[in-house]
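The values are calculated or read from the model by the stated rules, or taken from the named source; none is laboratory data. Keep in mind it's a predicted model, so treat the numbers as computed, not measured. FYI the Cβ positions are ideal-geometry reconstructions off the backbone, even for glycines, and counts take in every protein chain you see.
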Amino acid sequence: MEERFDCIIVGAGPSGTTAALRLAREGLNVAVFERGKPGAKNMFGGVLYSTILDKLIPGFWKEAPVERHVIRKRFSLLSSDSEAAFDLCFNAFDRPPFNNSFTVLRARFDRWYSEKAEEAGAVIVTGANVEDFIVEDGAIRGVKAGMEGGLVRADCVICAEGVNSLLAEKAGLKKKPAPESMTLGVKEIISLPKETIEDRFSLEDGQGAAFDFFGAALGGAVGSGFIYTNRDTLSVGIGCPISVLKEKGLRPNDLIEGFKAHPSVGRYLRGGKMEEFSAHMIPEGGYRAIPGLVRDGLMLVGDSAGLLNPSIFREGTNLAMASGLFAAETVIEARKKGDFSAKTLGDYVERLKGSFVIKDLKRYRGVPTAITSIPGLFGEEPEAILDFLKGHFTVSEKSKDEIHSELKKAFRDRVSMKRLFLELYRASKILR
Ligand SMILES: Cc1cc2nc3c(=O)[nH]c(=O)nc-3n(C[C@H](O)[C@H](O)[C@H](O)COP(=O)(O)OP(=O)(O)OC[C@H]3O[C@@H](n4cnc5c(N)ncnc54)[C@H](O)[C@@H]3O)c2cc1C
C-alpha cells in the first residue's frame, strides 16, 4: 500500500464508494478503508434509489446485481386483523430507467459497486477497521487502522462509516445520538420460488413490489413494517424508534414475529424459508439532527452525516450517493487550490444545500417529532377506522341509515375526533 493518498475514504457503503469512484475517475490517488468485505455485513430495507448511480454509470442496471425494478407500491393501514390499502402500479416504471428504484441485496450490490471503483483506480483496503484519525495542527491528515501498516496519510478524509459514527464523534463533529433520532431496523430474508413471488405480488419477470405497512403493524407500538420483493427472496422487516423500544420494554424479535403473524402480512410469506436475520440502526433524526459536516481535512457523508429522509419516501441510498459525489467534487476543487481547510471544504455543505438532499430534509424536518406524537395512529385509531369500514361493508337486514348511525356512534365512543384530526394533520406532514 502507498503511504500517502490524495484522499482516504472510510467505509465502502453507497456514500463512500460513490466518492471513491468519482475521485478515481478524476485520476486522484484514493483509498477506501473498509472494515469487512464490501457489503458482507451491510443491510438495508431493500430499495435502492439510483438517480445518482445512473448518472455515474449510465444504464448500470444492465450489469449490476439488481433484483427487480419496482413498479408496484402499496401502503397499508393495519388493525389487529384487517387492512385498508392504497395500491399503486405504474406501468411506465416497467421501462428504462425504471424510476431508478430497484430492489437489491447489499452483499451483492456493494461488492459489485466497489469493484467498479477499483476498476476506475481506487484502492480498496478490506479488513481495515479505522480506529482514529491522524491529526496534524488541528487538521485531519489520514487514518489509523487496526492493522499492520495501518497508519496512512492523505490530504483529506471522507468519513462514510455509516450510522454508528464513532469516528465522527472522535473528530468532534457529532455527539452520541439521542434515542429519539434513531430507529432500529430488523430484517429477515425469506426465500420463496420466483414464480410464487410473482403470483402473490401480481408481478411479471423482473418487476418488483415495495409494500409498506403502518397502523398496528407493530401491535400498537409506533413503527412500521415492510415487504420488498427480490428475485427469489423477500426482504421483510420492521422499524421502531429506539425511544419507543426503551420506553415500552419491547423486544425487536417479538415485533417482527408479530408483524409476520398478521394475516395480511403472513399470506405473502407462507411456505417461505428464513435465510438471514439482521438488525441495523437507521438515523431518522432528520434535518435537526444533522451534525457538523466538515472540519479541516474531513467531511462526513451518508448516514454518518445523518442524511436520510425519514418521511414516507424513506430514501437513504440516493442521499448517501449524492453526498459522496458532492464530497468528491469538493475534494477535486480543493486539490486544485491546494487547500483542504474547513473553509474550502465548506463548499461541500453548499452543494448539499443547493440539492434535493438538504431541501428534502428541511421540508420534512418536523417528521421525527411528528411520528412519536401520533401514537393513536398506531393503535386504537386504526382499530376503530377498520371496524367502521368492516361494519360499512357487512351485509345485514338493517337499513344502511341504521348501520351508519350505529357505526358513527361506536366510532365516536372509541376515538376523540379532535385528537384524530390533530393526529391526521400531523401525519399528513409525513405523507406529503
Ligand atoms: C433497516 C433499514 C432499512 C433501510 N431501507 C432503505 C431503503 O429501502 N432504501 C434506502 O434508500 N435506504 C434505506 N435504508 C438506509 C440506507 O441503508 C442508508 O441510508 C445507506 O446505506 C447509507 O449509506 P452509507 O454509505 O452512508 O453507510 P453504510 O451503508 O452503513 O456503509 C458504511 C460502511 O462503512 C463501513 N465502516 C463502518 N465503520 C468503519 C470503520 N471504522 N472502518 C472501516 N470501515 C467502516 C461499514 O462496514 C460499511 O460498509 C435503510 C436502512 C436500514 C438500517
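So here's what we get for this one:
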read-out: Failed condition for residue 261, given (1) of a type outside the set (Val, Ile, Thr); (2) outside the structural domain of residue 28 (by TED's automatic domain parsing); (3) farther than 30 Å from residue 70 by Cα; value: (3)
read-out: Residues satisfying the stated conditions in region 217-245, i.e. out of contact with any strand residue (DSSP E or B) (no Cβ under 8 Å at 6 or more places or on another chain) and either modelled with pLDDT of 95 or more or of a type in the set (A, V, I, L, M) (or both); value: 244
read-out: Any hit, region 25-38, residues being part of a helix (DSSP H, G or I), surrounded by fewer than 24 Cβ atoms within 10 Å (Cβ to Cβ) and without any contact (Cβ under 8 Å) to a residue 60 or more places away in the chain; value: no
read-out: Failed item, numbered, when residue 391 is tested on (1) outside any helix (DSSP H, G or I); (2) surrounded by fewer than 22 Cβ atoms within 10 Å (Cβ to Cβ); value: (1)
read-out: Conditions (1) surrounded by fewer than 20 Cβ atoms within 10 Å (Cβ to Cβ); (2) within 15 Å of the ligand (Cβ to nearest atom); (3) part of a helix (DSSP H, G or I): number failed by residue 312; value: (3)
read-out: Residue, surrounded by the fewest Cβ atoms within 10 Å (Cβ to Cβ), within region 279-297, restricted to residues that are within 14 Å of the ligand (Cβ to nearest atom) and over 17 Å from the mean Cα position of the chain (by Cα); value: 291
read-out: Members of region 224-238 found to be surrounded by 18 or more Cβ atoms within 10 Å (Cβ to Cβ) and either closer than 22 Å to residue 196 by Cα or in contact with a Leu (Cβ under 7 Å, 6 or more places away or on another chain) (or both), listed by number; value: 225, 226, 227, 228, 229, 230, 233, 234, 235, 236, 237, 238
read-out: Of residues in region 84-114 being surrounded by fewer than 19 Cβ atoms within 10 Å (Cβ to Cβ) and assigned to a strand (DSSP E or B), the one farthest from the chain's Cα centre (by Cα); value: 84
read-out: Members of region 260-309 found to be more than 22 Å from residue 13 (Cα to Cα), aliphatic (A, V, I, L, M) and in a helix (DSSP H, G or I), listed by number; value: 261, 265, 269
read-out: Residue within region 245-256 that is free of Cβ contacts under 8 Å to residues at least 12 places away in the same chain, more than 16 Å from the ligand (Cβ to nearest atom), among the acidic types (Asp, Glu) and closer than 26 Å to residue 429 by Cα present; value: yes
read-out: Check on residue 259, more than 11 Å from the ligand (Cβ to nearest atom), modelled with pLDDT of 95 or more, surrounded by 21 or more Cβ atoms within 10 Å (Cβ to Cβ) and of a type in the set (Phe, Trp, Tyr); value: yes
read-out: Options 67, 26, 63: the member that is within 16 Å of the ligand (Cβ to nearest atom) and acidic (Asp, Glu); value: 67
read-out: Contacts under 6 angstrom Cβ, first residue in region 302-314 being outside the structural domain of residue 213 (by TED's automatic domain parsing), partner outside any helix (DSSP H, G or I) and hydrophobic (A, V, I, L, M, F, W, C), 6 or more apart; value: 302/160; 303/163; 304/159; 305/293; 306/290
read-out: Positions within region 181-203 being within 23 Å of the chain's Cα centre (by Cα) and of a type in the set (S, T, N, Q), in sequence order; value: 181, 183, 191
read-out: Test: residue in region 149-170 that is among the basic types (Lys, Arg), outside the structural domain of residue 42 (by TED's automatic domain parsing) and at pLDDT 95 or above; value: no
read-out: Residue match in region 165-183 (condition: surrounded by fewer than 16 Cβ atoms within 10 Å (Cβ to Cβ) and closer than 30 Å to residue 234 by Cβ); value: yes
read-out: Test: residue 323 is touching a Ser or Thr at 6+ places or on another chain (Cβ under 8 Å), under 25 Å from residue 80 (Cβ atoms) and part of a helix (DSSP H, G or I); value: no
read-out: Neighbours by Cβ (under 7 Å, 6+ apart or cross-chain): first from region 368-384, within 14 Å of residue 421 (Cα to Cα); second hydroxyl-bearing (Ser, Thr, Tyr); value: 382/79
read-out: Options 77, 48: the member that is outside the structural domain of residue 214 (by TED's automatic domain parsing), among the hydrophobic types (A, V, I, L, M, F, W, C) and either within 15 Å of the ligand (Cβ to nearest atom) or within 17 Å of residue 15 (Cα to Cα) (or both); value: 48
read-out: Single match in 122, 117, 139 (criterion: surrounded by 15 or more Cβ atoms within 10 Å (Cβ to Cβ) and within 14 Å of the ligand (Cβ to nearest atom)); value: 117
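So that you can scan it fast, the table gives a plain yes or no per residue for (1) surrounded by fewer than 18 Cβ atoms within 10 Å (Cβ to Cβ); (2) part of a helix (DSSP H, G or I); (3) over 25 Å from the mean Cα position of the chain (by Cα):
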residue: 331; (1), (2), (3): no, yes, yes
residue: 336; (1), (2), (3): yes, yes, yes
residue: 349; (1), (2), (3): no, yes, no
residue: 359; (1), (2), (3): yes, yes, no
